[in-house]
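Accompanying notes for the structure given below.
The values are calculated or read from the model by the stated rules, or taken from the named source; none is laboratory data. Bear in mind that the values here come from a model prediction, so they are computed numbers and not experimental data. Cβ sites come from the backbone with ideal geometry, for glycine too, and all protein chains shown count toward neighbours. For accessibility, only protein heavy atoms count, side chains too; no ligands or nucleic acids. Shrake-Rupley method; radii C 1.70, N 1.55, O 1.52, S 1.80 Å.
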Amino acid sequence: MTPDQLAHADLRLDVDGAVATITLDRPEARNAQRPRMWAGIAQVLEELGPEVRVVVLRGAGGTFSAGLDLGLLDPGRTDEEGSFVATLALDDQAIIDQIDVYQRPFALLTDPRFITIAVVEGHAIGAGFQLALCCDLRIVAEDARLCMKESALGLVPDLVGTKPLVAAVGYARALEICASARIVTGAEAGEIGLAQVVVPAADLDGALSATVDALTAHPHGAVTATKRLLQDAPARTIEEQRLAERTAQVARFRELAAAFSPAAGG
Ligand code: CAA
């Protein structure tokens, strides 16, 4: 994407070797999300080169994201996205198809090609919380405030956040968090398995750097194949998972053998 396209999508992109950092860059609105931002994240993820092993998602201005741009719920909104209320004129299938498009960047964050990390400080509300949930790992400031606000607005979380939330904290805790729309602090997120690293906000960059170093230390092919295995494990029987492990290992053997064969100079 060009710098102008990124700016229009309220995004910044920095690619440094194996690490791509996508910054939600609308701090004056607490990085509230519009469809243009979702389309931009999807395009950035699709365009990343094979050298990228880790994708970092963070927010500008000391907060992750205040979620959906609430202006989109204003029936009188006339900017390029218009109002979500106008969507009600469509039939059910058309609305389902529209949400499918909106969900795309959230789903792409689970792509096994790279490991995705959300760096969460300040607020992660609604769509912001879901964006963080769709990342593989969350590095969270201990005073961050995460909230699945949708039920308070009479809605459900529909941006791919429910499955990773249940996977992280289990059904009962997920229901309690969603139904109550309460704040989960960063410290609690660490205790209940929502966050993998919890540090004071001032230490986020150091924690990110250490995590990225650890995640990029080992062969990329092994890491992506392992991510794929772990992602698919919950939906498989033990026999299916054993087969998947064996199959993946053969592919690893072949790749390693090819790399170390005399013809490859290894
Ligand atoms: N949409 C649009 N603008 C937003 C916004 C949002 N979600 N959140 C904050 N802003 C804007 C404010 O309107 C304000 O703009 P002005 O300066 O022009 O008045 C600016 O950002 C700063 O906001 P605050 O002064 O409120 O900042 P704060 O730091 O004191 O509080 C906050 C931050 C706790 C995130 C608070 O802004 C807030 O509660 N925002 C709304 C959060 C929300 O309800 N989001 C929707 C969740 S539901 C969802 O995302 C999914 C879905 O599908 C419905």
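Counting only helices (runs of 4 or more DSSP H) wholly contained in segment 1-108, the ones carrying 1 or more residues that are away from the ligand (no atom under 11 Å from the Cβ), modelled with pLDDT of 95 or more and touching a strand residue (DSSP E or B) at 6+ places or on another chain (Cβ under 6 Å) occupy 3-8, 35-47.
The residues on offer are ALA179, ALA202, ALA167, and the sole one that is within 16 Å of the ligand (Cβ to nearest atom) and open to solvent by 60 Å² or more (accessible area, probe 1.4 Å) is ALA179. Which pairs turn up if I take residues in segment 142-166 that are more than 17 Å from GLU176 (Cβ to Cβ) and look for partners that are of a type in the set (Val, Ile, Thr) and within 12 Å of the ligand (Cβ to nearest atom) with beta carbon separation below 7 Å, at least 6 apart in sequence or on another chain? Final answer for the pair search is ASP158/ILE99. For segment 118-134, residues that are of a type in the set (Val, Ile, Thr) and away from the ligand (no atom under 12 Å from the Cβ) total 2. Per this entry, GLY190 is not counted among residues that are surrounded by fewer than 13 Cβ atoms within 10 Å (Cβ to Cβ), touching a strand residue (DSSP E or B) at 6+ places or on another chain (Cβ under 8 Å), assigned to a helix (DSSP H, G or I) and not basic (Lys, Arg). If you filter segment 133-143 down to residues that are open to solvent by less than 10 Å² (accessible area, probe 1.4 Å) and within 15 Å of ALA201 (Cβ to Cβ), you find that the one that is nearest to the chain's Cα centre (by Cα) is ILE139.
Looking at this structure, is LYS163 charged (D, E, K, R) and under 28 Å from ASP97 (Cα atoms)? Yes: the conditions hold for LYS163. Kindly indicate whether LEU204 is in contact with a strand residue (DSSP E or B) (Cβ under 7 Å, 6 or more places away or on another chain) and more than 21 Å from ALA107 (Cα to Cα). Answer is yes for this residue. Exactly one residue out of LEU159, LEU146, LEU155 is part of a loop (DSSP other than H, G, I, E, B), crowded, with 21+ Cβ neighbours inside 10 Å, assigned by TED's automatic domain parsing to the domain that holds LEU108 and within 12 Å of the ligand (Cβ to nearest atom), and it is LEU159. Selection of segment 200-223 for residues being in contact (Cβ under 8 Å) with a residue 60 or more places away in the chain and either of a type in the set (Gly, Ala, Ser) or farther than 21 Å from VAL19 by Cα (or both) yields ALA201, ALA207. Evaluated against (1) part of a helix (DSSP H, G or I); (2) open to solvent by 40 Å² or more (accessible area, probe 1.4 Å); (3) under 20 Å from THR116 (Cβ atoms), PHE253 falls short on exactly one condition, (3). All conditions in (1) part of a helix (DSSP H, G or I); (2) at pLDDT 95 or above; (3) of a type outside the set (D, E, K, R) hold for ALA258, with the sole exception of (2).
Taken together, the criteria place THR23 among residues that are buried (at least 18 other Cβ atoms within 10 Å of the Cβ), under 30 Å from SER151 (Cα atoms), assigned by TED's automatic domain parsing to the domain that holds LEU109 and hydroxyl-bearing (Ser, Thr, Tyr). Residues that are in contact (Cβ under 8 Å) with a residue 60 or more places away in the chain and either of a type in the set (S, T, N, Q) or in contact with a His (Cβ under 7 Å, 6 or more places away or on another chain) (or both) within segment 24-70 comprise ARG30, ASN31, GLN33, ARG53, THR63, PHE64, SER65, ALA66, listed in sequence order. When segment 205-237 is filtered for residues that are exposed (fewer than 15 other Cβ atoms within 10 Å of the Cβ), hydroxyl-bearing (Ser, Thr, Tyr) and over 23 Å from LYS163 (Cβ atoms), only SER209 remains.
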